[in-house]
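Everything on this sheet refers to the single structure shown next.
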Amino acid sequence: MTEGTTEGHSLGHGRYVLQRLLGQGGMAAVHLAYDTVLDRQVAVKTLHTELGREASFKERFRREAQAVARLQHTNIVSVFDSGEDVGPDGTATPYIVMEFVEGRSLKDVLDEQVTTRGAMPTEQALKITAAVLSALEASHDQGLVHRDIKPANVMVSTKGVVKVMDFGIARALQSGVTSMTQTGMVVGTPQYLSPEQALGKSVDARSDLYSVGCMLFELLSGQLPFDGDSAFSIAYKHVQETPPAPSTLNGAVTPAVDALVAQALRKDPAHRFPTAEAMREEVERVAAGEQGNTPLQASTPLVIGEGPRSVHAAPSLTNFPPVGGATPPPQPYRPAPGPQTPPPYAQTPAPFPQAPPQFAKPPQTPQPFPQPQFQQGFPQGTPQPFPQQPMPGPPMPGPMTGPMPMAYPPPANNSNGCSTALIVVGVIVGVIVLAIIIVAIAVAGSTTGTSTY
């Protein structure tokens, strides 16, 4: 079957009528077809004629198609049928009948994003990668390794559902097809081959994870991690060279995503993610912006330039997801040095500070009655109201020459001393006045009696 003659051509003894060409690659071409038995549209992938010449390939492909047909997953393109079409000249064309996904390949979506934006947004790239890993998780559980993960083998439906296709084809190509290998045919796509595939070693599920890392690198940066003029030069780079970080090509990529890609692209399979499930969980954690204790969750550090205002204005850390790699583990949140909010009552003075309040230094007790004012009420010759000797009672405090003691008497005691002195003085004055009155009466009485006789 040649190009240009596919319209109206049928496969499977007339069951699948080819309508138009959807796309083609190095190994196969995909056609939109109509299933006349089940009355539905399907996608038919016809492998190139040279592949149908190998009997070992046809047998291996048939068994792999049967294994893929058992996979039932939202993110896997379902396989309905497989067989081979024999042309009039006797050439056999192997084909597989798959679920028709109305949408575009991831390669076409990426090309559009690169043209308009330079690369795919990180959030969208991580979401697509998580869906691809979910599909690989289901296939790996069945012991089926894809071996040819790349954007051209991923479909995105019009509703945004991601579908992985072409399970089993790459494995069939690598299983005993000696004549094809001898002619120098490259098995798979060199830009996405794992180092063990490039070296011809046995592969397992971790090889698919390396290919997913290459695909994610391309989605984030718009460029391949390794490229060259020949398949040999590309394979050499996969084995020997270290890819750059996606952030060096796209400044919007965070360190957490760099660490994720770096672990997926480790040369040694033992240093990659152990399973597709583990890698998917880390991708989802990075996409959600969660923060943990491993390097994958390290995000752009929060820089706080001011001290007191940052206590109230700094946003909470959500902190940027974890994969071992070059990114150091995140440091715990520590605000920048600056004046701190004082603790409660940190500046409250002590009950009796060194500089006491107004009652700290009791004032000097004034004279109860100044001498000049008191004497004005009595005639000359009247005895002094106050004796020259000090009055009995508690001694008056002298001038304070030494340091003030720490403990002070209550303020009420200052007024008690003054009140007591006034009372004593009043009693003495009253006694003196009474004595003068008595003496005056006695003198008057004696004068009166003398004049009567």
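Derivation of every value follows stated rules applied to the coordinates shown; laboratory data play no part. Being a predicted model, the structure only gives us computed values, none of them experimental. Neighbour counts run over all protein chains shown; Cβ positions are idealised from the backbone, glycine included.
What are the ³J(HN,Hα) values, in whole Hz, obtained from phi via the Karplus relation 6.51 cos²θ - 1.76 cosθ + 1.60 with θ = phi - 60°, for each residue of segment 122-133 in sequence order, with x given for Gly and Pro?
My calculation for segment 122-133 gives 4, 4, 5, 4, 5, 5, 5, 4, 4, 5, 5, 5 Hz in order.
Give me the extension gain from Lys127 to Asp204: residue separation times 0.36 nm, minus the current Cα-Cα distance, reported in nm with one decimal.
25.3 nm
Provide the per-residue ³J(HN,Hα) series for segment 264-269, in order, calculated from phi with Karplus coefficients 6.51, -1.76, 1.60 and θ = phi - 60°, each as a whole number of Hz, with x at glycine and proline positions.
5, 9, 5, 5, 7, x
Sorted from largest down, what three extents in whole angstroms do the Cα atoms of segment 1-100 have along their principal axes?
Projected onto the principal axes, the Cα atoms of segment 1-100 cover 39, 30, 25 Å.
Between Gly222 and residues 5 or more places away or on another chain, which pairs have amide H atoms under 5 Å apart, with H built 1.01 Å from N, and which residues are they?
Met120
Between Gln142 and Glu99, what is 0.36 nm times their sequence separation minus the Cα-Cα distance? Round to one decimal in nm.
So the chain would gain 13.5 nm between Gln142 and Glu99.
Which value in nm describes the separation of the simple spin-label points at Ala252 and Ser10, placed 7 Å from the Cα toward the beta carbon?
Simple spin-label model gives 5.0 nm for this pair.
Along Cα→Cβ, 7 Å out, is where each label goes; now give me the distance between the ones at Arg70 and Val114 in nm to one decimal.
According to this spin-label approximation, the distance is 3.8 nm.
Sort 65-71, 136-142 for me by packing, meaning the mean count of neighbouring Cβ atoms within 10 Å per residue, highest on top.
Ranked by mean Cβ neighbours within 10 Å, highest first: 136-142, 65-71.
Measure up Lys58/Lys107; Lys159/Lys201; Lys45/Lys267; Lys58/Lys127; Lys58/Lys159 against 31 Å on the Cα-Cα distance and list the ones that go over.
Lys159/Lys201; Lys45/Lys267; Lys58/Lys127; Lys58/Lys159
Using amide H atoms built 1.01 Å from N in the peptide plane, name the residues 5+ places from Phe80, or on other chains, whose amide H lies under 5 Å from its own.
Counting only residues 5 or more places away or on other chains, the set is Val97, Met98, Glu99.
Say each of Arg63 and Ile428 gets a label point 7 Å from the Cα, pointing the same way as Cα to Cβ; how far apart are those two points in nm?
Calculated label separation equals 13.3 nm.
Arranged from highest to lowest average of other beta-carbon atoms within 10 Å per residue, in what order do the peptides 272-279, 153-160 appear?
Per-residue mean Cβ counts within 10 Å order the peptides as 272-279, 153-160.
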